[in-house]
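The values are calculated or read from the model by the stated rules, or taken from the named source; none is laboratory data. All of these numbers come straight from a predicted model, not from anything done at the bench. Backbone-built Cβ (ideal geometry, glycine too); neighbour counts: all protein chains shown. In case anyone asks, the SASA skips ligands and DNA or RNA and just uses the protein heavy atoms, side chains included. Shrake-Rupley method; radii C 1.70, N 1.55, O 1.52, S 1.80 Å.
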Amino acid sequence: MATIQRNMSLTGDASNQLNAFQKIGTAIGLGGIVLLIFSLFKDFQDKVLWLSIALIAITGGILLFAKGLYSNKLEGIKNHGVWFKSISSRGFWGWVAGISLTGFYVILYFYEGLLGANPNGNTGLIGLFDPLSKFLSGNPASQWFVYGTLYTVAILAFGIKFIWKYKHNRYEQLRTVSVMFFQTAFAFIIPELMARLNSDTFSLPYNDLKNMWPLNYYAFDGWRVDQFINAGNIGLAFLIFGILTVFVISPFLTYKYGKRWYCSWVCGCGGLAETAGDSFRQLSDKSVFAWKVERWVIHSVLVFSVVMTTAVISTYLGYDSEKYWLTKDKFLIGVALFLGLLFAIIWYFKKEELKKDARYGAIGYLVIVIALIGIHYFSGTANNKIFIFEAVGLRSFYGFLIGSIFSGVIGTGFYPILGNRVWCRMGCPMAGILGLQQRLFSKFRITTNGGQCISCGNCSTYCEMGIDVRSYAQKGENIVRASCVGCGICSAVCPRGVLKLENGPLEGRIDGNQILLGNDVDLMDLINKS
Amino acid sequence: MEHIVIIGNGISGVTAARHIRKLSDKKITIVSAETDYFFSRTALMYVYMGHMKFEHTQPYENWFWKKNRIELKKGYVQSIENKNKTLHFSDGETLNYDKLIIATGSKPNKFGWPGQDLEGVMGMYHKQDLENLEKYAPNNKFCKRAVIVGGGLIGIELAEMLSSRGIPVTFLVRETSFWNGVLPEGESQMINRHIKNHHIDLRLSTNLKEIKADEAGKVNSIIIQETGEEIACDVVGLTAGVSPNIDFIKDSEIEIGRGVKVNRYLETNIPDVYAIGDCAEQHEAIGQRRPIEAVWYTGRMMGETLAQTICGNRIQYKPGHWFNSAKFFDIEYQTYGWVFSKPRENEAHFHWKHTDDTKCITVCYDTKTNEFLGINTFGIRMRHDVFDKWLTEKRNVDFVMQNLSKANFDPEFYKHYEQDILNTFNKNFIIA
Ligand SMILES: Cc1cc2nc3c(=O)[nH]c(=O)nc-3n(C[C@H](O)[C@H](O)[C@H](O)COP(=O)(O)OP(=O)(O)OC[C@H]3O[C@@H](n4cnc5c(N)ncnc54)[C@H](O)[C@@H]3O)c2cc1C
Ligand code: SF4
Ligand code: SF4
């Protein structure tokens, strides 16, 4: 996708011009994209051949480009000219890439017909992907299959580029191999193969096992749950696994390793951001203002998604009550009790850390409880309304606003403008939950190395989550932030070896120092103790 | 309300201001001729290399100063009148103070080379130097070659900067090996090789004779002292060290040597006038330290200390164990405690180097007591707090070598070398 890596430096700086490998790579990669665009207007005869050529050209182009960029360089940080290249500094090519990507997403989500989607036989781009789709799942392609394929190709090709860039850094390499694996196997191939098992008598929902609620906002939709239950023991196992990941496995892993185990080792959105989006990480906004906006937006989305899911579940529990052992009222009371208990526990153990944030937490909790009561009283079985919205309407509104516009159009389309993790930072409810836990109950932190920080700002600049890492490092304070996805780049780019991602004891995890290590020991005692 | 005026918005002046604000309600004004806002001088190189924009080097957002009631004034202080506590600016303005902190930092050394003031000849210290470099060395079409004179930390940074834009660099180093007045031989040699691997034309034991100009008065070549060789170039970087930036003080009653003379309380000979950071010179060196310490960390520590004194808790500047760090192209360097380039009396060095020639350590210890005295580490990150503790506890070298993995600060999943280091250490000891 974003293979457009041309350069229009402000100073006309010769060193930032593309070398031969990069030029050829760009040409071949763009050639592959042109082939795909071409297929929109004219159906190819030999689809297998032309699709293979296009995908190989895109992959090969990216790899050649990367070879030109990194192959004859010594191991080290490769950020020369990042702010001179127009693609990576919101220049002309940045905007071109941003607008093209956004356009692509708009068509993908809302005008799939333009891509050739047709229930009576696909044509155009989607038709081009039919053979591959039939080979994997036995079904014709859809726009989502096309998207999934390109997405996987992007993660794989840019993943290799990223590994090349960080050839000296094992942490970066391992986590990239991990996202490449999870994307290819869990998000792409396994669901397609699962679809193959489906028949008239047996059907499982397409299932990306690692895609948990609430990132997967339809995880507990009625039709999915029904399908799982109808599929017998296997289906039930999947359903139970889904619930376990949300309530047991994920909290446990987040406690041990922080939210990074998901956000930068497993997740597909994170995977794309870290690979194809790597060139844009420096564009995230680091201001305190942006941080405030972030906290309001992401937690509102979280509250919204909890309410929405509860409403959807309670609806089908309501009108299909004889099918499930759980009744709607029991469910609502259960949710309220669970959240109440959760909030009480947090309040009891973490009052100190929370301070002002506790108020916002309380507000969020209050909103949810009122919504639950609303669902109970106002949603008669006749019309299934929550206040004025229908639950299903609420769901599709959420799906439209959060699932499509936010995560797709803005989240990825705006990579070259707002940075590669806007969605993860501002919109992802999953990141919201993991973040709360990371802040409050986790062993993960970024340790700062005594007094070694020179306040240079590399860490903050390259933090894709817009965390002002320097503001902690120069105070000798560990970084324990809800939003940190543990990408490790701040640590990599620090020229003085100040930052280390670690899992350690909870005690003293957040302590800061007024006077940094290296000064008079008596003064340090005097100031830091008081 | 007492008015504290600070000349210089570098790390030392700004640290002092921040801590005074934390401790008191005094009126604070910071004066600088260089920039409107505090920026990190150590990060200047990354702006030229395109890793960051200039605004990224500013550690605080612009609203920070107003919110903390720290007034900022841009202007060049021409003279200080101590009697009526007045500063005179170059534009004729004046400013009164109750207490004055001089934190004016350094300026690049020039040793009277012929042609040292030509166009295209520059130091690398102030933001203006960066702008100059951008003007004379925007790319390798405009600047066909640059010559750097002086092999210290700033010189190697300048070499990295220029080479990041593909500009060929000739690097003149007076010493027989890079920075070997500070680094032990093995380390210094390793860095020589690393510099050359980055295609820098490194000339050791080489001095500058003169800089020559074209008709327009812009540099077009330099002559080497030893060989008389002429090297054509468009830019000359002078990075032969720095010295305190205190010319404007010469006519006042404030006592100066190479820097502004201060006692352990950072007080000058004039009441209510203090000096901190690069420009301060201790009457007597503290421990093994130099009387003038021109590094970031000491500037910060002096700022932290002086804020106490100014706010009524008069305390001495009493720095803890020495530490420092730098980066030579791709190789990070950290040091804790004292490792001198050659072992002094009753000292010995243990040196270990990895076969890939980018990682090594040197440990210094006392041959009589076996006490651990310090470590230099290249390409392996180590923990400040652990070494600080070991130095305070006066651990012996065997303990340190055996527990080295506790000090490791490399990112997760990195290869560890402690076992290899320990094996080498044990082998050396048996032979010795
Ligand atoms: C390129 C470079 C890289 C460096 N890297 C490192 C490093 O990695 N680690 C490290 O420890 N140290 C490093 N240093 C050294 C470190 O930056 C200095 O020790 C530190 O910045 C000194 O801080 P200071 O506050 O004493 O003075 P400065 O930062 O020099 O600030 C003094 C300010 O006062 C202003 N001023 C001076 N005279 C007047 C006047 N008469 N009127 C008004 N304003 C005036 C100056 O313009 C300047 O803005 C580096 C220095 C340079 C140049
Ligand atoms: S703080 Fe560091 S590890 Fe965390 S998201 Fe930012 S750059 Fe990545
Ligand atoms: S990159 Fe390292 S030295 Fe620079 S500000 Fe961040 S922590 Fe400090």
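Some points to look at:
- Number of the exception - residue A:260 against (1) buried (at least 17 other Cβ atoms within 10 Å of the Cβ); (2) over 17 Å from residue A:430 (Cα atoms); (3) of a type in the set (D, E, K, R): (2)
- Restricting attention to segment B:328-355, the residues that are part of a strand (DSSP E or B), touching a residue at least 24 places away in the same chain (Cβ under 8 Å) and not polar (S, T, N, Q) add up to 12.
- Scanning segment A:263-289 for residues that are out of contact with any helix residue (DSSP H, G or I) (no Cβ under 6 Å at 6 or more places or on another chain), within 14 Å of chain B (Cβ to nearest Cβ) and either open to solvent by 10 Å² or more (accessible area, probe 1.4 Å) or within 16 Å of ligand 3 (Cβ to nearest atom) (or both) returns A:279, A:281, A:284, A:285, A:287, A:288, A:289.
- Count of residues meeting criterion [in a loop (DSSP other than H, G, I, E, B) and crowded, with 17+ Cβ neighbours inside 10 Å] in segment B:372-394: 4
- Subset tally (residues that are part of a loop (DSSP other than H, G, I, E, B) and either touching a Gly at 6+ places or on another chain (Cβ under 6 Å) or open to solvent by less than 40 Å² (accessible area, probe 1.4 Å) (or both)) for segment B:199-220: 3
- Of residues in segment A:449-466 being at positive phi and away from ligand 2 (no atom under 14 Å from the Cβ), the one farthest from the other protein chains (Cβ to nearest Cβ): A:455
- Out of A:434, A:526, sole residue that is touching a helix residue (DSSP H, G or I) at 6+ places or on another chain (Cβ under 6 Å) and not in a loop (DSSP other than H, G, I, E, B): A:434
- Per the conditions (1) away from ligand 1 (no atom under 16 Å from the Cβ); (2) without any contact (Cβ under 8 Å) to a residue 40 or more places away in the chain; (3) part of a loop (DSSP other than H, G, I, E, B), the sole criterion not satisfied by residue A:471 is (3).
- Qualifying positions in segment B:166-189 - among the aliphatic types (A, V, I, L, M) and either open to solvent by 10 Å² or more (accessible area, probe 1.4 Å) or touching an Asp or Glu at 6+ places or on another chain (Cβ under 6 Å) (or both): B:182
- Residue A:485 being open to solvent by less than 10 Å² (accessible area, probe 1.4 Å), near ligand 3 (Cβ under 10 Å from one of its atoms) and among the hydrophobic types (A, V, I, L, M, F, W, C): no
- Looking only at segment B:305-364, and only at residues there that are open to solvent by less than 10 Å² (accessible area, probe 1.4 Å) and in contact with a Pro (Cβ under 8 Å, 6 or more places away or on another chain), the one that is farthest from the other protein chains (Cβ to nearest Cβ): B:364
- Residue among B:50, B:13 that is under 19 Å from residue B:87 (Cα atoms) and either part of a strand (DSSP E or B) or assigned by TED's automatic domain parsing to the domain that holds residue B:280 (or both): B:13
- Single residue of segment A:482-514 satisfying the filter (within 15 Å of ligand 2 (Cβ to nearest atom) and polar (S, T, N, Q)) that is farthest from the other protein chains (Cβ to nearest Cβ): A:483
- Verdict on residue B:11 being within 11 Å of chain A (Cβ to nearest Cβ) and at pLDDT 95 or above: yes
- The set of residues in segment B:365-385 being among the hydroxyl-bearing types (Ser, Thr, Tyr) and within 14 Å of another protein chain (Cβ to nearest Cβ) consists of B:377 alone.
- If the condition is being within 15 Å of ligand 1 (Cβ to nearest atom) and either open to solvent by 20 Å² or more (accessible area, probe 1.4 Å) or within 30 Å of residue B:121 (Cα to Cα) (or both), then segment B:253-288 contributes B:256, B:258, B:259, B:260, B:276, B:277, B:278, B:279, B:280, B:281.
- Where a residue in segment A:92-108 is outside the structural domain of residue A:420 (by TED's automatic domain parsing) and more than 23 Å from residue A:124 (Cα to Cα) and its partner, wherever it lies, is assigned to a helix (DSSP H, G or I) and open to solvent by 40 Å² or more (accessible area, probe 1.4 Å), with Cβ under 9 Å and at least six apart: A:98/A:418
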